[in-house]
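What follows is a short report on a single structure.
Nothing in this text is a laboratory measurement; each read-out follows from the coordinates by a stated rule. The model shown is predicted, which means the values in this text are computed figures rather than measured ones. Note that we place each Cβ from the backbone using ideal geometry, even for glycine, and neighbour counts take in every protein chain shown.
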Amino acid sequence: MFQKISLLGVTIIMVVFSTYQNLNMRKIFLDNRKKTANINSAVQDSLSGIRVVKSFVNEEIEKKKFNKRNKEYLKSEVQSYTAMGKYLNSR
């Protein structure tokens, strides 16, 4: 009888933990996709307006914008790999 109760308790803990981790990873991966979309749109805008950027000598400004978005994406990637690592190491 005690074994069944302890097995049930462990199973409930595992389900709760897995659900929590899954929701956390979903949030991080959604943020990651948003950051990727930001980078893609910035590159597209820069490339489509390359003549304007060059004519106003704004290359450095565009580089800074891209680097900022790229760092945000990198931070998001690190968070996603950290969340996956925590989940996989806890199983």
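What pairs in LYS27/LYS64; LYS34/LYS65; LYS34/LYS63; LYS4/LYS86; LYS54/LYS75 have C-alpha atoms more than 25 Å from each other?
Checking Cα-Cα distances, LYS27/LYS64; LYS4/LYS86; LYS54/LYS75 exceed 25 Å.
As a footprinting exposure proxy, order ASP31, ASP45 by other Cβ within 10 Å, with the fewest listed first.
By the 10 Å Cβ count, ascending: ASP45, ASP31.
Can you run phi through the Karplus equation (6.51, -1.76, 1.60; θ = phi - 60°) for the stretch 77-84 and list ³J(HN,Hα) in whole Hz, with x for Gly and Pro?
4, 4, 4, 5, 5, 5, 5, 5
Nothing charged except the Cβ atoms of Lys and Arg (+1) and of Asp and Glu (-1): what's the magnitude of the dipole of the stretch 2-90 about its Cα centre? Round to the nearest 20 debye.
80 debye
For the stretch 2-90, what's the radius of gyration and Dmax over Cα atoms, in angstrom?
Answer for the stretch 2-90, Rg first and Dmax second: 21.4, 78 Å.
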